[in-house]
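Contents: one structure, followed by commentary.
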Amino acid sequence: MTELSERPTTTAATIEAATSPTLHGSLVTPEQVSTLFNPKAIALIGATDKSNWSLSLFANLHTHGFDGPVYLVNPRGGVVHGEQSYATIGDLPDGVDLAFVMVPTTVILDILEQLADHDIKSAVILTSGFGEVGAEGAKLEHQVVDLAKRRGLTLLGPNGNGYINAAKQITPYGLNINAPLLRGPVGVVLQSGALASAVLGFSQARNIGISLLVSMGNEAMVTLTDAMRYLVRDPDTKVITLFIESIRQPEEFLVVAKEALEAGKPVVAFKVGRSQKGSTVAKAHTGSLVGDDRVIDAVFKQYGVIRVDCLEDMIMTAGLLAETGPLPGNRVGFVTPSGGACEIAADRSEDEGLEIPDFAPATVEGLKRVVPDFATVQNPLDVTGYILVNPALLREALAVVDKDPGIDVIVLASDLAREEPADPTRAYDMARGTADAIRACEKPVVVMGNTLVDITPFGRKVADEVSFPGVLGGIHHALAALGRAVRWSEFQRQHAAGRVMVPQAHAQAMTVDATPGSTWTEHQASAFLADNGVPVVPQELVDSADAAVAAAERLGYPVVVKLAAADIAHKSDIGGVRLGLTDAEQVREAFETVTTVGRNAEADVQGAVIQPMRGSGIELIVGIVRDPVWGPVLAVGLGGVWVEILRDSALRVLPVDRGQVLDALRSLRGAALLDGARGTEKADLDAVADTVVSIADLAFRLEERLESLEINPLLVRGSQVEALDALITWR
């Protein structure tokens, strides 16, 4: 039998180790990152009037309010950008704490040495030509990092545009920043230089202010997770947004995501790249259910990261949560001046899992006293175009709906004025009246425009004057943002109450006497599972027809006869399974049949496995596949022969607890089957979850040795849960 030994685990415990200032390979401390983003004096190294980067950078620092000195370094000296420059870094005054480096790669190492000699601790490297261009560039990038570590430098980049600390009016950013720069509570971290300005422009167009925007570049030293941690701790930031191409420090990402959750700061992420994982284990059905993008979904779900699928939703979801904070529930009351808007809102609410309850009787009566007689009082509410006659109609209806006990959040369809009229008094008065009515509400009010258009300078001016709340642009995007905000709010509430736990490591690791690269099919895999506490159907491995009959009589008819061959993963595909056998003759014939088909398939036939035949029940698949980034991933779903056809599964990254497994089971499209649909026996979900957790814990303890583990099917009959077939592949 398999030899097992115990030793302390050193892998997943790191998920919880959030005390070290430089976690999981991070090269900088939070204090270094804070110093980088909050300089008091800045030097532009390689400043020249011939460079648009240099011109934009210099203009940004002066236009947007940086109150410290900005020094220019040009090897020729002379006047640059209208000011006297310095010929060398050594000529600079003392006290410079950030250098923005715009020099060729051929001199970059020498420049960094000079910065360290002059006690300049932080640098943004704009220069490209490093790891992004190939082996030689990567070698230079390694040399840059080694130098920085040796000399105590903190580097952002290379190949990055810099950052915009709008909260502190510090803007060392290499592309033009249009005025006004709106300050606000949304922090933005992007693994894209080209998109940074577009994201900034869109947030400004929607009147959503930022605290800090960072273009990460190559992340040679300061990484995405370092910037995230800064924002978690930054009092000027309420919401963190991420544009992610790749997560290079997965363990650190999970630690910081958990820190954000516990700090009550939503993380809104747009993760690009939906490719199917190439390293999937072909022998396991589970592999067909798991791909890079689905694993990312599982990770984000488990850690409360809000995933979006476009830049617009990234910014608007962040802007909404920055303004409202956590929302109390998903029951929404709509107040609009348009029947068409009501219909779109109803459809989109259903898409987003938002409830639109009927108004309470008192609300209906109150609205009848407000809206015209020809209006239909229902949720969503259309107060009709009568608002052109009675401009106060919308806010009067809002006040009534605010008192409805069955509503958690109100969506008000309203927008800011776009063009400034000759006499703007009426525009200001209407906006002020609506803003006052919103502030008077006890419930959170989300303001929504019908279409996604820019907020004009006049609209922004009106909003600033009357303190009008943020307006979500377009019904589709507005309700996408609201749905995500509501779901995050519930997750955060459950987590704060201790009812939702992020994954925690808690088990001892184990070693197994298994040949690397080998596959254990049914008998060997099932015996291993049974020895480790997983309920498995009784079975015997036999090597002759007589032994098969004897085993069947011991186990009791009816029985199942299955081919035992290590190199045949799916026996039924070649006719290697015979079901419902009721006497010795059938068992003899079945043994000969399954072993013959195995030999015909040129398999390494070991004999046959005899099992008692189980009756009807719900067949599930429980599998674990190793993801190259996130490690072992659990897939649970409808199993048996339907697994690859229905593809109804839920993923969770290990380790998992009972609550997470229950949530995964309930999220299946076929979850109604587990509840006893159409007269079938109801599954004991607690018993199922306990079994899945035992399988997941075993897989997690196997650590790096395990490539994949699959039980298909896991048969559920009420509270009886048994593995009927198993497959394990070792790395």
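Structure notes:
- Number of the exception - N532 against (1) surrounded by fewer than 21 Cβ atoms within 10 Å (Cβ to Cβ); (2) farther than 30 Å from P655 by Cβ; (3) under 42 Å from the mean Cα position of the chain (by Cα): (2)
- Residue check, G217 under 15 Å from D236 (Cα atoms), small (G, A, S) and buried (at least 22 other Cβ atoms within 10 Å of the Cβ): no
- Checking each residue of the stretch 163-176 against the condition of being surrounded by fewer than 19 Cβ atoms within 10 Å (Cβ to Cβ) and of a type in the set (G, A, S) gives no match.
- Filtered by the rule that a residue be in contact with an Asp or Glu (Cβ under 6 Å, 6 or more places away or on another chain) and modelled with pLDDT under 95, the stretch 511-536 gives D513, E522.
- Scanning the stretch 143-162 for residues that are assigned to a loop (DSSP other than H, G, I, E, B) and buried (at least 24 other Cβ atoms within 10 Å of the Cβ) turns up G157, P158, G160, N161.
- So V453, is it without any contact (Cβ under 8 Å) to a residue 60 or more places away in the chain, part of a loop (DSSP other than H, G, I, E, B) and in the same structural domain as D351 (by TED's automatic domain parsing): yes
- Within this structure, Q660 fails the test of being among the polar types (S, T, N, Q) and assigned to a strand (DSSP E or B).
- The residues of the stretch 25-45 that are within 16 Å of Y86 (Cβ to Cβ) and either in contact with a Lys or Arg (Cβ under 9 Å, 6 or more places away or on another chain) or touching a residue at least 60 places away in the same chain (Cβ under 8 Å) (or both), listed by number, are I42, A43, I45.
- Selection of the stretch 104-130 for residues being closer than 13 Å to N218 by Cα and buried (at least 20 other Cβ atoms within 10 Å of the Cβ) yields V124, I125, L126, T127, F130.
- Residues of the stretch 664-683 that turn out to be without any contact (Cβ under 8 Å) to a residue 60 or more places away in the chain and touching a strand residue (DSSP E or B) at 6+ places or on another chain (Cβ under 8 Å), as a count: 7
- Taken over the stretch 648-657, the criterion of being farther than 21 Å from A509 by Cβ and not polar (S, T, N, Q) is satisfied by D648, A650, L651.
Matching residues to (1) within 21 Å of G433 (Cβ to Cβ); (2) assigned to a loop (DSSP other than H, G, I, E, B); (3) in contact with a strand residue (DSSP E or B) (Cβ under 6 Å, 6 or more places away or on another chain):
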site: L367; (1), (2), (3): yes, no, no
site: V371; (1), (2), (3): yes, yes, no
site: T376; (1), (2), (3): no, yes, no
site: R395; (1), (2), (3): yes, no, no
site: A399; (1), (2), (3): yes, no, no
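- When restricted to residues that are assigned to a loop (DSSP other than H, G, I, E, B) and of a type outside the set (D, E, K, R), the stretch 120-142 contains 7.
- Only listed residue being in contact with a Leu (Cβ under 6 Å, 6 or more places away or on another chain) and within 30 Å of P628 (Cβ to Cβ), chosen from A683, A699: A699
- Residues in the stretch 543-574 that are modelled with pLDDT of 95 or more, β-branched (V, I, T) and not in a strand (DSSP E or B): V549 only.
- Filtered residues of the stretch 582-632 (kept if in a helix (DSSP H, G or I), of a type in the set (D, E, K, R) and touching a residue at least 40 places away in the same chain (Cβ under 8 Å)): R588, E592
- When restricted to residues that are among the hydrophobic types (A, V, I, L, M, F, W, C) and out of contact with any Leu (no Cβ under 9 Å at 6 or more places or on another chain), the stretch 104-139 contains 5.
- The stretch 445-497 - residue that is closer than 23 Å to V267 by Cβ and of a type in the set (F, W, Y) and, of those, surrounded by the most Cβ atoms within 10 Å (Cβ to Cβ): W488
- Cβ-Cβ contacts under 7 Å between residues 6 or more apart (or on different chains), taken from a first residue in the stretch 418-445 that is under 22 Å from L479 (Cβ atoms) to a second residue that is polar (S, T, N, Q) and crowded, with 20+ Cβ neighbours inside 10 Å, are listed as T434/S414.
- Any hit, the stretch 176-191, residues being in the same structural domain as L72 (by TED's automatic domain parsing), assigned to a helix (DSSP H, G or I) and free of Cβ contacts under 8 Å to residues at least 60 places away in the same chain: no
The values are calculated or read from the model by the stated rules, or taken from the named source; none is laboratory data. Everything numeric in this text was worked out from a predicted model, so none of it was measured. Neighbour counts are summed over all protein chains in view; Cβ atoms, including those assigned to glycine, are modelled from backbone coordinates with ideal geometry.
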